[in-house]
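One structure is given here, and the rest of the page talks about it.
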Amino acid sequence: MATGWGSLLQDEQQLEELARQAVDRALAEGVLLRTLQEPSSSDVVSYAPFTLFPSLVPSALLEQAYAVQMDFNMLVDAVSQNAAFLEQTLSSTIKRDNFTARLFNIYKQVLKEGIAQTVFLGLNRSDYMFQRNADGSPVLKQIEINTISASFGGLASRTPAVHRHVLNVLSKTKEAAKILSNNPSKGLAQGITKAWELYGSANALVLLIAQEKERNIFDQRAIENELLARNIHVIRRRFEDVSEKGSLDQDRRLFMDGQEVAVVYFRDGYMPSQYSVQNWEARLLLERSCAIKCPDIATQLAGTKKVQQELSRMGVLEMLLPGQPETVARLRATFAGLYSLDMGEEGDQAITEALAAPSQFVLKPQREGGGNNLYGEEMVQALEHLKDSEERASYILMEKIEPEPFGNCLLRPGSPVRVVQCISELGIFGVYVRQGKTLVMNKHVGHLLRTKAIEHADGGVAAGVAVLDNPYPV
Ligand code: ADP
Ligand code: MG
């Protein structure tokens, strides 16, 4: 597979001029982040980091990732409705991982009281890398699926114009035209709109849960703007606000500042540091309500790495999606090797293999948001330490995907323009809405390509490692 832009990457002066043009276009298009120094204010903003050139992605893999997205939507939805599966799968993890245990505790409380919510909304993003086969051909392998706060759908709607601009400056108009249009924020808003309509109260609001210190606010605003254009009003509140001013009525309808809430959209609440005692109480209140949570607590649990690992076990997909062998085959084709570390022979075997070939594995705790996984020597040390302790059940092991690197420039405020060796991660946004037992919407709504320098094993855009990109289909 050809991997790059060849001679264009050699002319340093041209790269610098292109970068200046690209950055100005990115700012003009709204590819923005708040700054590290002032994350609560939009007075001073900068561009979100991005690649100078779109990165080459095989069309066949792009199509495969799109084609399997509806299957993943159905799978996540099926897991979220299967209390026995969630309970069994997470039983060893929740003994050792306090965060998952607290989420699970809320889930149990809601189940016990009875689920008031009748409409369910999933906005997820399934992420992949392109594994290099023995014969050099790339294969689509899933890294994970994000069922809560899947981000960058808004900014990804705006980056195609930037890469078209770069190619047009180079008079590469044919190439510019090959950059796919992309509008995940519109599709995500369509999902929220459908859920809001089914809730069926004309004056009810969408409650967006976010922090005050939010650098990625423009990404969220893109969805808010789409909703407002449909005459659906969004209020942004913190968990703290919910605990102070949120309430339920007798029918468990949710009110914020006296206004009824139809949909709760979480852009917060996926890592331990985001929860104080007060915030956990707020989360419980939201979950108990009949408002449509995106995601509800069961769907958040369905996105844990432990669930991902159990899904790869023989027979599990068949159990969750009975009578759908083609769906099962499409899903399984994207699975990398995933290994349980629960106490016992199977876990012992996985640890032995990882210690024998550390470069081929990744050790993952039950965390989201980047920067938590362990690789190489760090993984070895952790495994040696965990080997004989029940704590190991709070982790999973995964086969490490090794894509073929290529050259590109990663543009970041304050960094020099230079060509580095990179790898990409493709995400597909999925949206579904279920009313009772009926799936009334199930679709894919766009993509996100993120690219990072090969020296970083882990981390996304928010973590400061990867940058925004666009697939250039080949
Ligand atoms: P998080 O929930 O923190 O985003 P991920 O599973 O997505 O966790 O891992 C974070 C990053 O680590 C990914 O974006 C990817 O760059 C890298 N990574 C994760 N799993 C693998 C893997 N199996 N092979 C290679 N890189 C991986
Ligand atoms: Mg990730």
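Throughout, read-outs are computed from the coordinates displayed, never taken from laboratory work. As the structure is a computational prediction, the values presented were derived from the model and not from experiment. With ideal geometry, Cβ positions are generated from the backbone for all residues, glycine too; neighbour counts draw on all protein chains shown.
The simple Förster model, with R0 at 25 Å and r as the Cβ-Cβ distance, assigns SER171 and TYR66 a FRET efficiency of 0.25. Once the Cβ-Cβ distance of ALA357 and VAL420 is raised to the sixth power relative to R0 = 30 Å, the FRET efficiency obtained is 0.65.
Net charge in the neighbourhood of ALA48 (other residues with Cβ under 15 Å of its Cβ; Lys, Arg +1, Asp, Glu -1) is +3. Computed across the chain, the Kirkwood radius stands at 23.1 Å (inverse of mean 1/r, all Cα pairs).
Dividing the C-alpha radius of gyration of the range 338-400 by 2.2 N^0.38 Å, with N its residue count, gives 0.98.
Full extension of the chain between ASN133 and GLN250 yields a length gain of 36.3 nm, computed as 0.36 nm times the residue separation minus the alpha carbon distance. Here the label points at ALA84 and ARG20, each 7 Å from Cα along the C-beta direction, are separated by 6.7 nm in the simple model.
For the range 334-415, applying the loop criterion from DSSP together with a ceiling of 16 other beta carbons within 10 Å to the trypsin sites (Lys or Arg not before Pro) yields LYS387.
If a spin label sat at a point 7 angstrom from the Cα of SER40 along the line to its beta carbon, the backbone N atoms of the range 200-238 nearer than 11 Å would be those of 212-214. So which helices of the chain fit the span-like rule, where a helix is a whole DSSP H run, its Cα atoms reach 24 Å or more along the axis, and its mean Kyte-Doolittle is at least -1.0? For the chain, where a helix must reach 24 Å along its axis and average at least -1.0, the hits are 12-29.
Residues whose amide H comes within less than 5 Å of that of GLY446, counting only those at least five positions distant or on another chain, are PHE429 (H built at 1.01 Å from N in the peptide plane).
In this structure, the pairs whose alpha-carbon distance is over 21 Å, taken from LYS95/LYS364; LYS245/LYS437; LYS293/LYS437; LYS141/LYS172, are LYS245/LYS437; LYS141/LYS172. Across the range 1-80, counting alpha-carbon atoms alone, Rg and Dmax equal 18.9, 54 Å. Take the Cα of GLU197, step 7 Å toward its Cβ, do the same at SER389, and the gap between the two points is 5.3 nm.
Could you work out the local net charge near ASN231, counting Lys and Arg as +1, Asp and Glu as -1, over the other residues with Cβ closer than 15 Å to its Cβ?
Local charge sum for ASN231: -1.
Centroid-to-centroid, using Cα positions, the range 422-474 and the range 121-159 are 4 Å apart. Show me the GluC sites (Glu not before Pro) within the range 354-458 that DSSP assigns to loop and that have at most 16 other Cβ atoms within 10 Å of their Cβ. Filter output for the range 354-458: GLU455.
Lys and Arg at +1, Asp and Glu at -1: add these up for the other residues within a Cβ distance under 10 Å of ASN372 and post the number. Before the final figure, lay out the partial values.
Working: positive: LYS305, LYS364, ARG367; negative: GLU368, ASP458.
Here the charged neighbours net out to +1.
Placing dummy labels 7 Å off each Cα toward the beta-carbon, the span from SER7 to GLU212 is 5.6 nm. Average projection, convex hull of the Cα set of the range 1-40: 4.8 square nanometres.
When both the range 390-417 and the range 40-65 are represented by their alpha-carbon centers, they are found 15 Å apart. Put the Cα centre of the range 11-25 next to the Cα centre of the range 342-367 and the gap is 44 Å.
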